[in-house]
Amino acid sequence: MSNRKRIAIITHGGIGGGHRGQGIPVMMQLVAKLANEFDVTVFSLTQLNKGFIPPNYTVKTLPVKDSTNLYLKLFLLLLILLKTHISKPFSLFQAYWGFPGGVLAAIMGKLTGKPVVTTFKGAEVVNLPEISYGLLASKQMCWLLKQVTKHSDCLVAQSNYHLEKIKESGLPYNQLTIIYGGVNTCEISINVTKLLIPPYQFFHAANLNLVKDQTTLLHAFKILSSQIDCVLHIAGFDTLHGQIQLLSKDLGLSEKVVFHGMLTFNELQTFYQQAHIFLLTSLSESQALVVNEAMANGCVVCGTRVGLLADLEDKATLAVEIKNAKALANKVLALLQNDTQYKLLQAFGKEWSFKHDINYTVKAYSNLYHQLTQ
């Protein structure tokens, strides 16, 4: 019989689903690597893609459609969690995202007395009323999040920027720590040489949505393309029904901006490797794993002062205030005229991303789990 500690991971998705079954690649890799040390069971609110077989862990989902009422799904998954725990008790409950997963983890912790770790990953400490984004906008959600943080033994932030946002939110917590999400650098070529010469290659990888603010992205690129020979490649699922493509056309950028739609992790590597600059103009980020991926591939990341961009500003990244397209374009133009600064930012970013890779993340979570289950 195995003496490995049993970990229940609770998530609303990211495992065995999504585009071509790749889920969230870094999350899939993290869970698989944790399962080398722990007995891991994933409880997911989202159905698995047909044919997906977890490599070394168990996944339990619901026998209902993804379109089923969320609170009914939460109740049903709670019953599955309880039944599984009674059959073979878990040592610790790990929630990814404060809601909805964090709610179930908090309830299980309260019922069983087992430790709970909740990783905030997105909208938990955000309120952007202009685009109706962020859980802090709802009084009901604020109350739920307070219960989640109060009943979590440890709350995990994704960056120092994110940690400060959690502190500013006023949510109570017992322990607060940073664990950066790392990428699998074994899948990234380390021999890519980029000569800083035109035509300059720009890349942006993110779903097309209001939070990622591709409007600012295109306005910044409009300024850039008027002064240098360059092209911008954009990859990501379009949730805005063609609005960004139309804006690109209206700005006269049709021949300079190429939209590629949703790509797999492997397909993205080609664009990372050819890009000089990775642009990210989000209104909010807890970390932004694409920054890690870009830096690991030798891109210099420029964008808005959020998430990892803020943490590494002037070391590996260049950052400006949100929505400031002109300031971003000016910083990028100055950088392209300064090969020494470009190489320094590039080198630091690559070193940082390899130091904080997937193995760093696994070790950090492993150490935390052992600390809480002593």
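On the basis of being in a loop (DSSP other than H, G, I, E, B) and outside the structural domain of Leu345 (by TED's automatic domain parsing), does Leu263 make the cut?
Against the criterion (in a loop (DSSP other than H, G, I, E, B) and outside the structural domain of Leu345 (by TED's automatic domain parsing)), Leu263 does not qualify.
Restricting to segment 301-331, what's the tally of residues that are outside any strand (DSSP E or B) and within 24 Å of the chain's Cα centre (by Cα)?
Going through segment 301-331 one residue at a time, the tally reaches 17.
Any residue in segment 140-154 that is acidic (Asp, Glu), surrounded by 20 or more Cβ atoms within 10 Å (Cβ to Cβ) and in a loop (DSSP other than H, G, I, E, B)?
The answer is no, given that none of the residues of segment 140-154 is acidic (Asp, Glu), surrounded by 20 or more Cβ atoms within 10 Å (Cβ to Cβ) and in a loop (DSSP other than H, G, I, E, B).
How about segment 255-295: which of its residues are aromatic (Phe, Trp, Tyr) and free of Cβ contacts under 8 Å to residues at least 24 places away in the same chain?
Residues satisfying the conditions do not exist here.
Search segment 71-89 for residues that are within 17 Å of Ile7 (Cβ to Cβ) and pair each with any residue that is in a helix (DSSP H, G or I) when their beta-carbon atoms are under 6 Å apart and the residues are at least 6 apart or on different chains.
The qualifying pairs are Leu81/Met108.
Can you go through Lys114, Lys110 and tell me which one is in a helix (DSSP H, G or I) and more than 19 Å from Val31 (Cα to Cα)?
Lys110
For segment 48-71: of the residues being among the hydroxyl-bearing types (Ser, Thr, Tyr) and either modelled with pLDDT under 90 or assigned to a loop (DSSP other than H, G, I, E, B) (or both), which is surrounded by the most Cβ atoms within 10 Å (Cβ to Cβ)?
Thr61
Name the residue, out of Asn266, Asn209, that is modelled with pLDDT under 95 and within 25 Å of Leu308 (Cα to Cα).
Asn266
Give the residue that is surrounded by the fewest Cβ atoms within 10 Å (Cβ to Cβ), with candidates limited to residues of segment 1-42 that are at pLDDT below 95 and among the aliphatic types (A, V, I, L, M).
Checked segment 1-42; the qualifying residue surrounded by the fewest Cβ atoms within 10 Å (Cβ to Cβ) is Met1.
Spot the failing condition for Ile244; the list is (1) under 20 Å from the mean Cα position of the chain (by Cα); (2) surrounded by 19 or more Cβ atoms within 10 Å (Cβ to Cβ), and only one is missed.
Unmet condition: (1).
Would you be able to say whether some residue in segment 219-236 is of a type in the set (Asp, Glu) and either part of a helix (DSSP H, G or I) or within 30 Å of Thr361 (Cα to Cα) (or both)?
No, that holds for no residue.
So which residues in segment 327-347 are surrounded by fewer than 18 Cβ atoms within 10 Å (Cβ to Cβ) and under 21 Å from Glu285 (Cα atoms)?
Ala327, Lys331, listed by residue number.
Suppose we filter segment 306-321 for residues that are in contact with a helix residue (DSSP H, G or I) (Cβ under 9 Å, 6 or more places away or on another chain), of a type in the set (D, E, K, R), within 30 Å of Ser132 (Cβ to Cβ) and without any contact (Cβ under 8 Å) to a residue 60 or more places away in the chain; how many remain?
Here the count works out to 1.
Being touching an Asp or Glu at 6+ places or on another chain (Cβ under 7 Å) and either within 18 Å of Leu218 (Cβ to Cβ) or not assigned by TED's automatic domain parsing to the domain that holds His162 (or both), is that true of even one residue in segment 285-299?
no
Any idea which of Ser225, Ser169 is buried (at least 18 other Cβ atoms within 10 Å of the Cβ), without any contact (Cβ under 8 Å) to a residue 60 or more places away in the chain and either in the same structural domain as Leu333 (by TED's automatic domain parsing) or under 19 Å from Leu280 (Cβ atoms) (or both)?
Criteria check complete, one pass: Ser225.
Just to check your reading of the model, which residue among Leu74, Leu45 is surrounded by 13 or more Cβ atoms within 10 Å (Cβ to Cβ) and farther than 26 Å from Ser366 by Cβ?
Leu74
So which residues in segment 194-213 are among the aliphatic types (A, V, I, L, M) and assigned to a loop (DSSP other than H, G, I, E, B)?
Residues satisfying the conditions are Leu195, Leu196, Ile197, Ala206, Leu210, Val211.
Could you tell me which of the residues Gly298, Gly252 is at positive phi, in a loop (DSSP other than H, G, I, E, B) and either without any contact (Cβ under 8 Å) to a residue 40 or more places away in the chain or of a type in the set (Ser, Thr, Tyr) (or both)?
Testing whether each residue is at positive phi, in a loop (DSSP other than H, G, I, E, B) and either without any contact (Cβ under 8 Å) to a residue 40 or more places away in the chain or of a type in the set (Ser, Thr, Tyr) (or both) leaves just Gly252.
Picking from Leu268, Leu283, which residue would you name as being among the hydrophobic types (A, V, I, L, M, F, W, C) and either outside any loop (DSSP other than H, G, I, E, B) or closer than 14 Å to Gln346 by Cα (or both)?
Leu268
The values are calculated or read from the model by the stated rules, or taken from the named source; none is laboratory data. A quick note: this is a predicted structure, and the numbers were derived from the prediction, not measured. As a convention, Cβ positions derive from the backbone with ideal geometry for all residues, glycine included, and neighbour counts pool all protein chains shown.
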